[in-house]
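Below is one structure, written out as C-alpha cells; the observations come after it.
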Amino acid sequence: MKEKDEKKENLKNEKETNKPKTEDKPSKSKEENKENKKDKLEVDSKEQNKVKSENKLKESPKTKVKKEKKSKKWLLVVILLIVLIVLALMVLYTSITPRSSVNNLFTNLKNGNKFMASLNIDYDGLISVLDSSIATNSGNSMSNLEKECFNELSWEITGESVENTNATVTATITTKNFRQVLLNWIEKISEVLETQDDISTEQNLQLLEESLVDENVDTRTTDITINLERKGLTWKVVINDEFIDAIYPGMTQVLDVMEQLSNEMQEENAQQQ
C-alpha cells in the first residue's frame with residue numbers, strides 16, 4: 001500500500017512538473033486591444049469624413065441649384081402676395097361707395113395723380129374737353145398744365161343715392177373760373193398771331209398754361225348732381241355737360257360764343273365768294 005501511495009504521489013508531481021507554464025499577460029493584452037480599437041476607430045472616422053467630403057463636393061452643384069430654385073420660388077410667392085395686396089387695396093379704394101369714389105376722384109385730380117383718378121373717370125375724355133392735344137401729349141402722368149387745371153379744386157359732398165348699377169352724388173365744387181382762363185388764352189393767341197402766321201401745338205399749350213396761372217383768374221362755386229355707373233368693381237363718374245360746367249366753370253359759354261363767331265365768319269366768307 002505504501003508503495004502504491006508513493007507511486008501516485010510521484011505521478012502527481014510529474015504531471016505538475018510537465019504542465020506548460022502560462023504567461024501572465026492579461027493586462028498587456030487589454031491595453032493593446034484598446035489601442036488597436038482606437039486606431040481602427042480613428043481610421044474609420046477619417047475614411048468616413050473623406051467619403052462625406054467627397055459626396056459633398058459631388059452633390060454641391062445639385063444642392064446649389066436646389067437652393068436657387070427655392071429662393072426663386074419664395075421670390076415669386078412674395079411678388080404674388082404684393083400684387084394681390086395692391087389689387088385688393090385698389091378694389092377696396094375704388095369700390096366702397098359712389099360717395100367715396102367721387103371724393104377719391106377729386107382728391108386725385110387735385111393732387112395730380114392721373115393713374116388713380118383714371119380709376120373713377122375717363123380721364124383723357126375729361127382733359128380733352130379743354131384741348132384734345134393735352135390728352136395725346138401728357139402720357140401716363142399729369143403735365144404742369146393739367147395740374148394747374150385742378151390745383152385749386154375744393155368740394156363738399158352733400159348726398160348720395162344708389163339704384164342697382166347707377167348712382168348720383170350731390171356736391172358743391174369750387175375751382176378756377178375757366179371763362180376767364182379761356183379769355184386770357186384767346187387774347188394771348190391773338191397777340192402771337194399778330195407777328196406770325198401760325199402757332200404750334202406746343203406753343204398753344206404753353207399759352208394755355210400761362211393763362212391758367214394768370215393773376216386775374218378767380219374761382220367759381222357750383223352745386224352739382226354727379227351721375228355714376230358701376231363698371232365691374234368700381235364706380236365711374238359719367239362725363240356730361242353739367243359735370244363739365246362744374247369742373248370748368250364758364251368754359252362752355254366761351255366756347256359757345258367762339259363757335260357762334262366762327263359760324264358767322266364762315267357765312268360772311270361764303271357770301272363774299
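Descriptive notes on the structure:
- Between region 70-86 and region 97-146, the alpha-carbon center distance in angstrom: 31 Å
- Sorting PHE115, PHE150 from the fewest to the most surrounding beta carbons within 10 angstrom yields PHE115, PHE150.
- Relative contact order for region 91-265, counting Cα pairs under 8 Å that sit 6 or more residues apart, in percent: 27 percent
- Inter-site label distance for GLU163 and PHE115 at 7 Å from Cα along Cβ, in nm: 3.7 nm
- For ARG179, neighbours were defined as the other residues whose beta-carbon sits under 14 Å from its Cβ, and their charges (Lys and Arg +1, Asp and Glu -1) total -3.
- When the Cα positions of ILE247, LEU153, VAL102 are compared along the charge dipole of region 91-265, VAL102 comes out farthest toward the positive end, with charges on each C-beta of Lys, Arg, Asp and Glu.
- All other residues whose Cβ lies under 10 angstrom from that of LYS236 are scored, Lys and Arg at +1 and Asp and Glu at -1, for a net of 0.
- Other-chain or far-sequence residues with amide H under 5 Å of THR219's (modelled H): ASN177
- Summed residue charge, Cβ within 11 Å of THR165's Cβ, Lys/Arg positive, Asp/Glu negative: +1
- Considering only Cα atoms, the convex hull volume of region 91-265 works out to 119 Å³ per residue.
No value in this document is a laboratory result; all are computed from the given coordinates. On a predicted model such as this, the values are computed, not experimentally measured, just so you know. So basically every Cβ, Gly included, is an ideal-geometry build from the backbone, and we count neighbours across all protein chains shown.
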